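Note sheet for the following structure.
The values are calculated or read from the model by the stated rules, or taken from the named source; none is laboratory data. Please read all numbers here as calculations on a predicted model, not as lab measurements. Glycine also receives a Cβ, built like all others from the backbone with ideal geometry; neighbour counts cover every protein chain displayed.
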């Protein structure tokens, strides 16, 4: 084989190893017996070391960059590898192993701590986790802001300052929209009653709702499966995609939207380009683009009143108490702007403030402005200041998300970036499918999903996120498309 073919074969092997690792982690979170954590930790850590060392031994690939005969796609592949190589070669193999072992141990301890609502129970392991992550950030580039080194894992070429600039353009608009909503409902007699969404539901009923979600989205059961986990997630690739959700008695819609969110991730993974399978440019662009797809399905489709009108009769069939609820009340309950203590249950608007506070906490933590033992207090204060929510226990506070406990510092902004990305995607899509809401009212989601498949999923990783959005829409990322979308949607529902 020629040098590029050798390189491509090496990349394919590495990606297969990474896929195998993700399946071991999926099994750990869904089916592994509790006593297996040490054994599984050893297996996954060995895989992590092998992957790391294979990448760091491929320095000869750097010479390929000088080959003038490379096609643009081949050059992109080498550029993507070079980016990964440059980061990996700075991190000792032993640190990679330590990070993986500590991630798994901290996650398991977090699950127990969350059940008992006791941050102190996981604090020692989290401190070890953060110390290792700081070592990684220092190894990557001691001259840079540590947090900037971390966010690059999830959103390449993004920085805290860039994110802060984008968020600042949205924050005032979000606050203004919340005030308009509060004024609108204060002046009306039929204030949205969120309680109509609460209903007793068996595990079987909730599972049927989730299966209905997959059916409506026409997801192939031969290439995908759905299971339950403590915190919903998606893993897998092309012909083997794993979704997880959670089921909460009494709140059927929480399970529904959890499943829709993960289905959005799954649709992206199922539709990545076949012609570049097991290549770096055949993978997703970034965590933010991935979250744009999950939140597109969850919110732009899932919470659209037209789509809710289509699925509501099925909800009434599966959850009998909903038969006493009018669609008018149901739609207003789903699409109310009501601050929540829990991020994954937050409405589309106040959700942004959940991300802002986590973003600020992370930057302060890695800048040394706050310590690990202060996290519960800082969290609770920010929840009060940003969302007016009083946190009563650690489970509904600093323990609610898994991300920090697996070492995913720098990930949270991806959710808010995803909302900015998908709003601009929607603006662009409406030129091609102006009647998309009429289609949703009939349950016809395939034209929308086909547009996303052609214009987003099948593009793979041709460019980084910001150039991708510009190529797709014809303009640079414009955060005001999200505010325009929200203003139009909620203004229509609540007449403001």
Exercise. Could you tell me which numbered condition residue 210 fails, if it satisfies all but one of (1) over 23 Å from residue 351 (Cβ atoms); (2) buried (at least 17 other Cβ atoms within 10 Å of the Cβ)?
Key: (1)
Exercise. Determine if region 388-401 includes at least one residue that is surrounded by 20 or more Cβ atoms within 10 Å (Cβ to Cβ), under 21 Å from the mean Cα position of the chain (by Cα) and in a helix (DSSP H, G or I).
Key: no
Practice problem: Working only within region 364-387, note down all residues that are assigned to a helix (DSSP H, G or I), over 26 Å from residue 232 (Cβ atoms) and in contact with a helix residue (DSSP H, G or I) (Cβ under 7 Å, 6 or more places away or on another chain). | Solution: 366, 373
Self-check item: All positions within region 409-449 that are without any contact (Cβ under 8 Å) to a residue 24 or more places away in the chain and in a loop (DSSP other than H, G, I, E, B)
Solution: 433, 434, 435, 444
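Go through region 361-379 and give me each residue that's without any contact (Cβ under 8 Å) to a residue 60 or more places away in the chain and crowded, with 19+ Cβ neighbours inside 10 Å. Don't jump to the end; show me each part of the working.
Looking only at region 361-379, we keep the residues that are without any contact (Cβ under 8 Å) to a residue 60 or more places away in the chain, and these are 361, 364, 368-371, 374, 377-379.
Matches in region 361-379: 361, 379.
Does residue 299 count as assigned by TED's automatic domain parsing to the domain that holds residue 272, modelled with pLDDT of 95 or more, within 21 Å of the chain's Cα centre (by Cα) and crowded, with 20+ Cβ neighbours inside 10 Å?
yes
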Practice problem: Output the number of the condition that residue 218 fails; it satisfies all remaining conditions of (1) on the phi < 0 side of the Ramachandran plot; (2) outside any helix (DSSP H, G or I). | Solution: (1)
Quiz item: Within the bounds of region 149-163, is there any residue that is surrounded by fewer than 16 Cβ atoms within 10 Å (Cβ to Cβ), more than 30 Å from residue 484 (Cβ to Cβ) and without any contact (Cβ under 8 Å) to a residue 24 or more places away in the chain?
Solution: no
Quiz item: Considering only strands (runs of 3 or more DSSP E) fully contained in region 222-303, which possess at least 2 residues that are within 30 Å of residue 81 (Cα to Cα) and in contact with a helix residue (DSSP H, G or I) (Cβ under 6 Å, 6 or more places away or on another chain)?
Solution: 234-237, 240-245
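Just a yes or no: is a residue in region 49-69 surrounded by 17 or more Cβ atoms within 10 Å (Cβ to Cβ) and at pLDDT below 95? It would help to see each step written out before you state the result.
Keep residues of region 49-69 that are surrounded by 17 or more Cβ atoms within 10 Å (Cβ to Cβ), which gives 51-52, 55-56, 58, 61, 64.
Still in the list and also at pLDDT below 95: 61, 64.
The answer is yes; a qualifying residue exists.
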Quiz item: Which of the residues spanning region 182-215 are touching a helix residue (DSSP H, G or I) at 6+ places or on another chain (Cβ under 7 Å), under 28 Å from residue 246 (Cβ atoms) and not in a loop (DSSP other than H, G, I, E, B)?
Solution: 194, 196, 197, 205, 206, 208, 209, 210, 212, 213, 214
Quiz item: In region 450-464, how many residues are assigned to a loop (DSSP other than H, G, I, E, B) and under 20 Å from the mean Cα position of the chain (by Cα)?
Solution: 5
Quiz prompt | Residue pairs meeting the criteria (Cβ under 6 Å; at least 6 apart or on separate chains; first farther than 23 Å from residue 44 by Cα, in region 74-96; second surrounded by fewer than 17 Cβ atoms within 10 Å (Cβ to Cβ)) | solution = 78/65
